[in-house]
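One structure is given below, encoded as structure tokens.
The values are calculated or read from the model by the stated rules, or taken from the named source; none is laboratory data. These numbers were taken from a predicted model, which means no experiment stands behind them. So basically every Cβ, Gly included, is an ideal-geometry build from the backbone, and we count neighbours across all protein chains shown.
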Amino acid sequence: MDLDPGLSALRPLGAFFVLREAGDQQAPLPTLAQTYTAPAPDPFDDPLTFRVRRVADGLRAPEARVAASVAHQALAARLWSAALGCAVLYGRTPDLDARLLRWDAGASAPDDLWLTDVRPLPGDAATVADVVLVGHLRPLAAALRARHRLAEGLLWGNAGSALAGAARELDRWARAHGRPDTAARARGLAAEILGHPLLARTGTLAGTAFRRRSCCLYYRVPGGGVCGDCCFTRAPRSSPRGASG
């Protein structure tokens, strides 16, 4: 099935999967390519720093790196959801070049993303991995590490967790709508992508259940606890050395 301009097949999946059309913008927004550049002197001119501060305020995070990790995983989830959703439902994925995606760093979750042009690419695992991992999550990780004290393993763990979460939601939706082939394709693509060298050591996948080998630090948020796929079974009293990476 060809990609339509509004990627309408994603809409029934929920807000994490939908990409807005560029014409819906009320004001010009920075592209993700601009977001991944070096930090601006004024944090209000730096979308990434602004987003982390917004997340920190909303969560009452005790330190900026906790908010940075949460913000990172949220954006990773949006990117995986859109790319994987298209690959599963259309058999194609849109070119999500960072210069084509605009981001509202001040919006509430899930992150608002506008795609300025729909350019179809193959929907195989290698293309989806290239679009999201190479095109976004690698430069995003570099940008966040330049601003915050985050372990590289933590960020790739976030990426693996976000991918598994997108596949799990696709599987749930497909089963609920009597589409077992769609559910199987979501699981198969996710498993193949998790074999990518950047993700292969992030955790283990069994069906749609993922257990990561790192911690995203969410337990440090007041009342946060541990996530369902965390390497910890309960929140540690203090962060062990290396546990976040």
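The residue pairs whose first member lies in the stretch 39-53 and is modelled with pLDDT of 90 or more, whose second member is assigned to a helix (DSSP H, G or I) and hydroxyl-bearing (Ser, Thr, Tyr), and whose beta carbons are closer than 6 Å, counting only pairs six or more residues apart or on different chains, are Pro47/Thr35; Leu48/Thr35. Quick check on the stretch 140-157. Is at least one of its residues in contact (Cβ under 8 Å) with a residue 60 or more places away in the chain, acidic (Asp, Glu) and crowded, with 18+ Cβ neighbours inside 10 Å? So far as the stretch 140-157 goes, no, none of its residues is in contact (Cβ under 8 Å) with a residue 60 or more places away in the chain, acidic (Asp, Glu) and crowded, with 18+ Cβ neighbours inside 10 Å.
When the stretch 30-50 is limited to residues that are closer than 26 Å to Arg220 by Cβ and of a type in the set (S, T, N, Q), the one that is surrounded by the fewest Cβ atoms within 10 Å (Cβ to Cβ) turns out to be Thr49. How about the stretch 147-180: which of its residues are aliphatic (A, V, I, L, M) and over 11 Å from the mean Cα position of the chain (by Cα)? If the condition is that a residue be aliphatic (A, V, I, L, M) and over 11 Å from the mean Cα position of the chain (by Cα), then Leu150, Ala151, Leu154, Ala167, Leu170, Ala174, Ala176 are the ones that fit.
Among the residues of the stretch 183-231, the ones that are among the aromatic types (Phe, Trp, Tyr) and either buried (at least 22 other Cβ atoms within 10 Å of the Cβ) or within 16 Å of the chain's Cα centre (by Cα) (or both) come to 2 in all.
Condition check ((1) closer than 30 Å to Asp181 by Cβ; (2) surrounded by fewer than 21 Cβ atoms within 10 Å (Cβ to Cβ)) across all residues:
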site	(1), (2)
Val52	no, no
Leu59	no, yes
Val66	no, no
Ala71	no, no
Ala74	yes, yes
Arg78	yes, no
Cys86	yes, no
Asp95	yes, yes
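Remark: pairs (first residue in the stretch 217-237, modelled with pLDDT of 80 or more; second residue of a type in the set (Lys, Arg) and part of a loop (DSSP other than H, G, I, E, B); Cβ separation under 8 Å; 6+ apart in sequence or on different chains) = Val221/Arg60; Pro222/Arg60; Val226/Arg234; Cys231/Arg213. Screening Leu199 against (1) part of a loop (DSSP other than H, G, I, E, B); (2) at pLDDT below 95 leaves a single unmet condition, (2). For Phe210, the conditions (1) assigned to a helix (DSSP H, G or I); (2) under 26 Å from Leu84 (Cα atoms); (3) modelled with pLDDT under 95 are fulfilled apart from (1). Within the stretch 9-37, residues that are at pLDDT below 90 have Cβ atoms under 7 Å from residues that are acidic (Asp, Glu) and buried (at least 20 other Cβ atoms within 10 Å of the Cβ) in these pairs: Arg20/Asp112, counting only partners at least 6 apart in sequence or on another chain. For the stretch 107-129, a residue qualifies if it is surrounded by fewer than 18 Cβ atoms within 10 Å (Cβ to Cβ) and either of a type in the set (Asp, Glu) or in contact with a strand residue (DSSP E or B) (Cβ under 9 Å, 6 or more places away or on another chain) (or both), and the qualifying residues are Thr116, Asp117, Arg119, Pro120, Pro122, Asp124, Thr127.
Residue by residue, here is whether (1) in contact with a Cys (Cβ under 6 Å, 6 or more places away or on another chain); (2) free of Cβ contacts under 8 Å to residues at least 60 places away in the same chain; (3) more than 14 Å from Phe17 (Cβ to Cβ) holds:
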| site | (1), (2), (3) |
| --- | --- |
| His72 | no, no, yes |
| Arg78 | no, no, no |
| Ala83 | no, yes, no |
| Cys86 | no, no, no |
| Gly91 | no, no, yes |
| Ala98 | no, no, yes |
| Asp104 | no, no, yes |
| Ala107 | no, yes, yes |
| Pro110 | no, no, no |
